[in-house]
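Remarks on the structure that follows.
The values are calculated or read from the model by the stated rules, or taken from the named source; none is laboratory data. Remember, it's a predicted structure, so these values are computed and weren't measured experimentally. Please note: Cβ atoms are built from the backbone with ideal geometry, for glycine as well, and neighbour counts cover all protein chains shown. Areas reflect the complete protein model, heavy atoms only, side chains present, ligands, DNA and RNA absent. Shrake-Rupley method; radii C 1.70, N 1.55, O 1.52, S 1.80 Å.
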Amino acid sequence: MENENTTTEQQELESLRSQMDLLRKKLEQETIVNEKLMRETMKSRVSTINRQGWISIVGAILMILWTPLLFNNLSTAFIIATIVFMAVDAIATWIVHKQVNERQLMSEDMRTVANKMKTLKKRYQWSTVIELPLVIAWCVWFCMEIIHKSNAPWQLMAGAVAFGSIIGFFIAWKMYRKVIDNCDAIIKQIEE
């Protein structure tokens, strides 16, 4: 009788073990599926981040090429300063985005990806702190150059520069927010 109880208990224990193994396998499959979905979403967001970086780089390169043509009646110092400013901006953007390689990020563990997104976000925030005063100084210099070289009233020229600056600011802000929001979304998704 005692032998039958032990055998029954062993069978129940074996049944529980097999059920636990089955449950563990299902959970592992669920984790793999969730990670694949998460990586697909991340890939889309990283692609958007990289696109914003390339738009900035291409814009800076086009500005470098067009500056001598667009500003040919302004001072040589202003033209050189604009070209240097755009070159530094393009290089800095490339350096910041270099670590956000889609293929590489998709093969790394989630903690590394989260750390890279946090680093990218911090670098973007710092670059804004550094670039904003430089852009304001450039706009003031540009305005002074135009007023000095033009016969038009200074109020009209300052208004035109201010209008263009405001439009440029909103475009840059939208691009900046896209990168920051996508970084935040990736970080949040990984940490959940």
Worksheet entry | Accessible area in the full protein assembly, largest first, 1.4 Å probe, for Cys139, Cys183 | Cys139, Cys183
Discussion item. Could you identify which residue out of Leu134, Leu156, Leu105 has the top mean-square fluctuation in a GNM of the chain using Cα springs shorter than 10 Å?
Written reply: Leu156
Fill in: Summed residue charge, Cβ within 11 Å of Lys118's Cβ, Lys/Arg positive, Asp/Glu negative
+3
Item to complete: Could you tell me the accessible area of Ser107 in Å² (1.4 Å probe, neighbours in place), rounded to the nearest ten?
Response: 90 Å²
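Whenever you get a sec, line up Leu69, Leu62 from highest to lowest accessible area (probe 1.4 Å, protein heavy atoms).
Numbers: Leu69 130, Leu62 65 Å².
Ranked list, largest accessible area first: Leu69, Leu62.
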Worksheet item: When the chain is treated as a GNM, springs tying every alpha-carbon pair under 10 Å, which of Ala77, Ala60, Ala158 comes out with the largest mean-square fluctuation?
Response: Ala77
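Provide, as a two-decimal number, the C-alpha radius of gyration of the chain over 2.2 N^0.38 Å, N being how many residues it has. Write down the numbers at each step before the final one.
Numbers: Rg = 28.4 Å, N = 192, 2.2 N^0.38 = 16.2 Å.
So the Cα radius of gyration is 1.75 times the expected 2.2 N^0.38 Å.
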Discussion item. What distance in nm separates the two pseudo spin-label positions at Ile171 and Gln104, each 7 Å out from Cα along the beta-carbon direction?
Written reply: 3.0 nm
Worksheet item: Lysine pairs, Cα distance under 28 Å, 8 or more residues apart or cross-chain: how many in segment 10-135?
Response: 18
Worksheet item: Just how much of Trp173 is accessible, in Å², when a 1.4 Å probe is used and the result is rounded to the nearest 10?
Response: 110 Å²
Fill in: Distance in nm between pseudo-label sites at Ile130 and Lys149 (7 Å out along the Cβ direction from Cα)
2.8 nm
Item to complete: Quickly estimate the mean residue ellipticity at 222 nm for the chain, helices only: each DSSP H run with n ≥ 4 gives -39500 (n - 2.57), and the total goes over all residues, rounded to 500.
Response: -33500 deg cm²/dmol
Discussion item. So, taking all protein chains as they sit and a 1.4 Å probe, how much accessible area belongs to Glu145, in Å² rounded to tens?
Written reply: 20 Å²
